[in-house]
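Just so you know, all these numbers are worked out from the coordinates, no wet-lab data involved. In this text the structure is predicted, and so the values were computed from the model without any measurement. Backbone-built Cβ (ideal geometry, glycine too); neighbour counts: all protein chains shown.
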Amino acid sequence: MSESSNPLELVRKLLSVIYTVLGLIVFAGLILIYAVYIEPYENSDVVTETEIVKPDVDGLVEGEGREVVATNCTVCHSAKLITQNRATREGWQNMIRWMQETQNLWQLGDNEVVILDYLEKYYAPEAKGRRQALKNIEWYELED
Ligand code: HEC
């Protein structure tokens, strides 16, 4: 009777093959779990460029403060609403107040000055050609 034909020896070989296969399956499973659930989140604080939401600067004139305007003023509507409008500093401030009072625009803090500087400089009323609409007129009594 040769060694390999010993039934116990056969069972032992079979078992070792089964253990090897099981071991490989468990190993592959661990790698899979790592690849799917752990690895993608390991460096999650590293923001890749594609994840950065670029503010919509579309159409806003290049100039100091544009990024601040784009960041704060294109969340609810497009920049077009701004570029279509022209106003004095006071006019822009009134629009901002109106949005703060009625449209949930947040307090702009130090950015408000930056935003108003930008809007006043690049989106001022076109002075030439047409008289601006009268605003905030203080009427006075005529003497008789
Ligand atoms: C929280 C939302 C929100 C943010 C942020 C916001 N707006 Fe508005 N804004 C509105 C809404 C709502 C309207 C009205 C839109 C409409 O009539 O279709 C509006 C209208 C406007 C208008 C048109 C006003 C008019 O009389 O036609 C201008 C100009 C404007 N916004 C400028 C700005 C500027 C400048 C900023 C940044 C300081 C800003 N918005 C940020 C909500 C917002």
| remark: Result of the Cβ filter at 9 Å on the range 85-112, keeping first residues that are under 19 Å from Ala70 (Cβ atoms) and touching a residue at least 60 places away in the same chain (Cβ under 8 Å) and partners that are assigned to a helix (DSSP H, G or I) and more than 10 Å from the ligand (Cβ to nearest atom), at least 6 apart or interchain, is none
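Conditions (1) surrounded by 11 or more Cβ atoms within 10 Å (Cβ to Cβ); (2) more than 7 Å from the ligand (Cβ to nearest atom); (3) not in a loop (DSSP other than H, G, I, E, B), marked per residue:
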site: Gly63; (1), (2), (3): yes, yes, no
site: Asn72; (1), (2), (3): yes, no, yes
site: Leu81; (1), (2), (3): yes, no, yes
site: Trp92; (1), (2), (3): yes, no, yes
site: Glu101; (1), (2), (3): no, yes, yes
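Is one or more of the residues making up the range 110-129 part of a loop (DSSP other than H, G, I, E, B), basic (Lys, Arg) and away from the ligand (no atom under 12 Å from the Cβ)?
Here is the first cut: in the range 110-129, the ones part of a loop (DSSP other than H, G, I, E, B) are 110, 123-129.
Next, from what is left, pick out any that are basic (Lys, Arg): 128.
Then drop every residue that is not away from the ligand (no atom under 12 Å from the Cβ), which leaves 128.
Checked against the condition, which is being part of a loop (DSSP other than H, G, I, E, B), basic (Lys, Arg) and away from the ligand (no atom under 12 Å from the Cβ), the range 110-129 yields at least one hit.
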